[in-house]
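Here is the structure we will look at, set down as structure tokens.
The values are calculated or read from the model by the stated rules, or taken from the named source; none is laboratory data. Source: prediction; values computed, not measured. Reconstructed Cβ throughout: ideal geometry from the backbone, glycine too, with neighbour counts over all protein chains shown.
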Amino acid sequence: MDIEKLLKAILQQHLQLGGAVASYTSETPLLGALPELDSMGVVNIITAIEENLGCTIDDDEISAESFETFGSLMQFIESKL
Amino acid sequence: MSELLFQNIILQPKYIKGAQGNLFSLFSLPKDKEQTIFLFLPSFAEELNRCRVMVAMQARQLAAQGYGCVLLDYYGTGDSQGDFSENHWEQWEQDVDSVYQWLQTQGYHNIALWGLRLGAMLALSCAVKQPERYSKVLLWQPVIDGSVFMTQFLRLRIAMLMDRGLKKETTQEMRAMLQAGSSIEVAGYEITTQMVQSIDAQKMLGYLISDKLPIIDWFEVTMEEQGELPLASQRLLQTWADKKINYRVHTYTGPFFWQLHERELTPLLIEKTLASLKLTG
């Protein structure tokens, strides 16, 4: 599974980021840097990850660290595979 | 895009008497009383607000084809009377019944249900209980499990606490607080015990769909063209197929317009919805 491609598609579909997503790298900051990533955005991304991977994410696993950068969110997805 | 908007078609504000108070709706007349009038059932909390532009656009498209529409604000939401904390499943069913009865008194007997997300689940629940009442059932992005939906909603509070660096809570802890009878605030909405428990109890898998029900038109977004539905939807629809329940799936690609801040249109969904009305069966 191409996690980078999947995550870019999820961010684009749920946060209205348009073409900007294409240039995201591991270091691109997310939480606190993107006004689109509000509480609803975080929850919608968590749900999208669950639906696309067919996994369950526990409440305890939802943390600010995972949403810090594009790279940390990719790592989080990898941990759910 | 401008031809999709049909700004010249006016959706008229209308108050309909509900069991607890006046229900606000936007109303457009069908071209004649035999033509279908669609009762739109919105989703829950913030999703109800975020889908308004898209729903109004679909309503205008339907009007342009001669169909009527009633876009309902449930009791305690939007411009209807009541407070949000009074929302719960049985109240919504009551609202649907109030609008249905009102349409009957106005001489409209060809009434269809059209719902989005939790509203789609409600549409099916109402149609299952009174299948002879409705001529069509259109489900946009249906929620199929009330408690999964509610957990996703309660997570908004986790995300808010996380964002503000406050102490973590789990959805189990929130449910325990609700169980004990206290309400909690999620994303600015007052969430009550009755609200959560009545939504938690809804499972589409348990709905007893009789053959009196019209064909169910199911619309769901996929990540890519011709992509597969989410696993949960696939599983439910497989049980319907096994039981020979009549349904049609219409997939489309586009933004999740019920989640987004900025107005975003999904013309493909509107096209597919209109096309579905031309199918027979």
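Residues that are within 10 Å of chain A (Cβ to nearest Cβ), surrounded by fewer than 16 Cβ atoms within 10 Å (Cβ to Cβ) and either modelled with pLDDT under 95 or closer than 29 Å to residue A:53 by Cα (or both): does the range B:176-183 have at least one?
Checked against the condition, which is being within 10 Å of chain A (Cβ to nearest Cβ), surrounded by fewer than 16 Cβ atoms within 10 Å (Cβ to Cβ) and either modelled with pLDDT under 95 or closer than 29 Å to residue A:53 by Cα (or both), the range B:176-183 yields no hits at all.
Tell me, please, whether a residue that is in contact with an Asp or Glu (Cβ under 9 Å, 6 or more places away or on another chain), among the β-branched types (Val, Ile, Thr) and facing chain B (nearest Cβ under 9 Å) can be found in the range A:2-13.
no
Taking the stated definitions as given, is residue B:215 more than 14 Å from chain A (Cβ to nearest Cβ) and touching a residue at least 60 places away in the same chain (Cβ under 8 Å)?
yes
Of everything in the range A:50-66, what is part of a loop (DSSP other than H, G, I, E, B), over 15 Å from residue B:171 (Cα atoms) and either within 8 Å of chain B (Cβ to nearest Cβ) or touching a strand residue (DSSP E or B) at 6+ places or on another chain (Cβ under 6 Å) (or both)? Give them in sequence order.
A:54, A:64
Where residues in the range B:250-271 are of a type in the set (Val, Ile, Thr) and touching a helix residue (DSSP H, G or I) at 6+ places or on another chain (Cβ under 7 Å), which of them is farthest from the other protein chains (Cβ to nearest Cβ)?
B:270
Among the residues of the range B:209-260, write down those that are under 26 Å from residue B:53 (Cα atoms), buried (at least 17 other Cβ atoms within 10 Å of the Cβ) and β-branched (Val, Ile, Thr).
Of everything in the range B:209-260, those that are under 26 Å from residue B:53 (Cα atoms), buried (at least 17 other Cβ atoms within 10 Å of the Cβ) and β-branched (Val, Ile, Thr) turn out to be B:216, B:221, B:251.
Take residue B:270 and tell me if it is surrounded by 12 or more Cβ atoms within 10 Å (Cβ to Cβ), assigned by TED's automatic domain parsing to the domain that holds residue B:42 and under 17 Å from residue B:115 (Cα atoms).
Here the answer is yes, as residue B:270 does meet what is asked.
When residues of the range A:19-49 are filtered for being facing chain B (nearest Cβ under 9 Å) and in a helix (DSSP H, G or I), how many remain?
The total comes to 9.
Quick check on residue B:30: is it assigned by TED's automatic domain parsing to the domain that holds residue B:219 and within 21 Å of residue B:138 (Cα to Cα)?
The answer is yes for residue B:30.
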